[in-house]
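Reading through the structure tokens given below for one structure.
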Amino acid sequence: MRAEESATTGNTTETAETMTEEQVGRMFAGMNEIIHAGEEMRRLRAEMIQLFAGAGWTQDRLARLAGMSQPAVSKQVARAAGADEPADVSLDQLDTPWLEGRLWGLAEELSAALDDTAHCSRLVHALARGRKRFTPQNVDALRRLVEEDLREYGAEAPFRAYRNTYDRIARGLDVLATSEGTEAGHASRRRALACQIQRVRLHEG
């Protein structure tokens with residue numbers, strides 16, 4: 001038993017001591033992705049609380065829905081005091097970040113519906129974790145992958161609704177690609193909010 005314990009301790013020590021910088025870097029990178037995603041969601045939750053409080057929702061109601069304490073919600077609302085941005089959560093907004101967020105939400109629903117076997121799943125997870133950014137190249141890649149999934153499953157329910165949603169998003173992105181329209185609001189915030197709203201609406205459909 002003593003020899004086994006010694007061997008186990010030795011192996012653990014040896015493993016830690018002999019790991020390369022690249023290996024340790026990958027470990028930290030994986031943890032940082034999770035932390036980054038968590039921070040993004042916390043910021044989005046705060047912004048949504050501020051948005052709905054501005055639309056007249058009570059703090060008690062928001063605390064219950066968000067699973068937070070009322071003082072925590074009150075703190076978030078106070079930070080937005082004096083803001084005059086309209087609480088527009090309609091899907092049919094035509095700035096690029098909003099449409100990209102809708103595309104992201106649709107892709108996440110596709111991935112979930114297909115148990116992460118969708119063509120778009122890997123890129124969706126990379127975007128959610130911050131490993132990939134919403135560059136024009138990555139948005140085009142996401143569109144191609146979503147189109148591939150819809151070609152394969154688009155005749156089935158609920159994928160017919162996903163197809164219709166994608167067609168509207170694609171038309172908007174194609175029009176904006178040839179125009180100089182200004183982007184409304186902060187891009188990452190609008191993208192993340194549109195993603196969540198699109199997912200909710202797809203569930204309702």
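The values are calculated or read from the model by the stated rules, or taken from the named source; none is laboratory data. Quick caveat, the model's predicted, so the values are computed rather than measured. Cβ: placed from backbone, ideal geometry, glycine included. Neighbour counts: every protein chain shown. Please note that ligands, DNA and RNA were not included when accessible areas were found on the heavy atoms of the full protein model with its side chains. Shrake-Rupley method; radii C 1.70, N 1.55, O 1.52, S 1.80 Å.
When Ala118 is tested against the conditions (1) of a type in the set (Gly, Ala, Ser); (2) assigned to a helix (DSSP H, G or I); (3) touching a residue at least 24 places away in the same chain (Cβ under 8 Å), the lone failure is (2). With respect to the stated conditions, Ala128 is within 25 Å of Met27 (Cα to Cα), under 13 Å from the mean Cα position of the chain (by Cα) and part of a helix (DSSP H, G or I). Residue pairs whose Cβ atoms lie under 7 Å apart, separated by 6 or more positions or on different chains, with the first residue in the stretch 153-175 and of a type in the set (Val, Ile, Thr) and the second modelled with pLDDT of 90 or more and surrounded by 15 or more Cβ atoms within 10 Å (Cβ to Cβ), are Thr165/Leu106; Thr165/Leu202; Ile169/Leu99; Ile169/Arg102; Ile169/Leu103; Ile169/Leu106.
Within the stretch 139-162, being under 15 Å from Gly105 (Cβ atoms) and open to solvent by 60 Å² or more (accessible area, probe 1.4 Å) holds for one residue alone: Pro158. Selection over the stretch 128-151 of residues that are more than 12 Å from Leu103 (Cα to Cα) and either in contact with a helix residue (DSSP H, G or I) (Cβ under 7 Å, 6 or more places away or on another chain) or in contact (Cβ under 8 Å) with a residue 24 or more places away in the chain (or both) gives a count of 8. Would you confirm whether or not the stretch 78-92 contains a residue that is touching a residue at least 12 places away in the same chain (Cβ under 8 Å), crowded, with 18+ Cβ neighbours inside 10 Å and closer than 18 Å to His203 by Cβ? The answer is no; no qualifying residue exists.
Taking the stretch 1-115 and the helices (runs of 4 or more DSSP H) fully enclosed by it, the elements with 2 or more residues that are modelled with pLDDT of 85 or more are at 21-54, 59-66, 70-79, 96-113. Filtered by the rule that a residue be closer than 15 Å to Ser188 by Cβ and either among the β-branched types (Val, Ile, Thr) or touching a Pro at 6+ places or on another chain (Cβ under 7 Å) (or both), the stretch 92-121 gives a lone residue, Thr96.
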